[in-house]
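Presented below is the structure to which this report refers.
Just so it is clear, none of the values below were taken in a lab; they were calculated from the coordinates. The structure presented is a predicted model; accordingly, all values stated were derived computationally and were not measured. Neighbour counts run over all protein chains shown; Cβ positions are idealised from the backbone, glycine included.
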Amino acid sequence: MRIFLLLLLLVGYTAGLFAKEEQNGAVVFMYHRFGESRYPSTNIKMEQFAYQLEYLKTHHYNVWPLSKIIATLKKGKVLPPKTVGLTMDDAYRSVYIRAYPLLKKYHFPFTVFVNTAPVDKHYGAFMTWEQMREMSRSGAEFGNHTMTHPSFVSFLPLGKEQMRQKITKELQGAETRLQKELGSSYVKIVAYPFGEYTNEIRDIISTLGYSACAQMGGVVTGQTNLAEIPRFPMSERFATKRGFLLKLQTKALPLAQMPKEDHLIIKNPPRLILHLQKHIGNIGCFVSSGERASMQWLDATHLQIKANSPLKPPRDHYTCTALDRDGRWQWYSFFWVFPKK
């Protein structure tokens, strides 16, 4: 009887560990424009956005500021189930005019990444500092999207030191303006312009003390390098009800460790090796066009992925997914970028 009780306790403890591990992740969505149908690749229709917010509310999702998600993971703490982050890049005016009233209605916090030069130059497509200050009083926080929105990868030919100087100037210049105009609602998080970076650029960002967001899909977990936080893009094409729900319910693909390959493409098509925690027989890997990539198991847990034809510039990604027994998709994407001429 005593052995039986001990076994029950052990099973319960182990199940608790697995539950904890599964909970320790968040889905982060990325938006740009709202109700601006002239820009379908970066726009979300308002009926799509309204549906998403209503779903999050009625199904009791925990919508957190991105800074809170990051701080929780940095401390090694467990995120609550169904944690979601909402982020917007570029600080377009439609964030204030169309998205903000809905977000305020639902009392949802959100994170806006600002490239400061267009705001300072009073470009009509962008929000004003006063509008951002108003939003900060209703749960908005503001991150760094540089001053002038350059591709950091374009700095690579300058060499490491000059590239570091250029990146530092862009980020610190924007940070100075954001701190002055928005005070404590500024958070030390970067969104890579165009989503473009390499391992070297990522490491520079880290040494400058920033967390950073990428533009490939996936789930942020305690295992994630917080200088390349995945986010699911929510433009018109991806923001269908089916597409939104699929990504909202996604889990992280169980990796034993994060890949070591550089994001910069030297040989095209590039090769990626995933080290999985266990063998996953139903995994499928694809490039962004939807074309299936070739896969080769090097052993039971090491999977080599390579596109069947060269990737096309300026950037692409490999995405690997597998349907879990609970009907949810396990997901991992790896971003690739081409050298700039």
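Structure data summary
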{"quantity": "Residue 298 paired with residue 325, simple spin-label distance in nm, labels 7 Å along Cα-to-beta-carbon", "calculated": "2.9 nm"}
{"quantity": "Computed over the stretch 256-337, the ratio Rg/Rh where both radii use C-alpha atoms and Rh is Kirkwood", "calculated": "0.95"}
{"quantity": "Cross-link partners of residue 68 among aspartates and glutamates (Cα-Cα below 14 Å; sequence separation of 8 or more within a chain)", "calculated": "141"}
{"quantity": "Stretchable slack from residue 207 to residue 249, in nm (0.36 nm times residue separation minus alpha-carbon distance)", "calculated": "11.8 nm"}
{"quantity": "Cα-based Kirkwood hydrodynamic radius, the chain, one decimal, Å", "calculated": "21.0 Å"}
{"quantity": "Orphan Cys of the chain, criterion: no other Cys C-beta under 4.7 Å", "calculated": "213"}
{"quantity": "Sites residue 306 and residue 256 - FRET efficiency at Förster radius 22 Å, r taken between beta-carbons, to 0.05", "calculated": "0.65"}
{"quantity": "Cα-based reach from residue 306 at 30 Å (exclusive), listing lysines while leaving out same-chain residues under 8 positions away", "calculated": "160, 247, 251, 260, 267, 278, 340, 341"}
{"quantity": "Net charge contributed by nearby residues that have their C-beta within less than 10 Å of residue 125 (K/R +1, D/E -1)", "calculated": "0"}
{"quantity": "Cross-link partners of residue 74 among lysines (Cα-Cα below 19 Å; sequence separation of 8 or more within a chain)", "calculated": "20, 82, 188"}
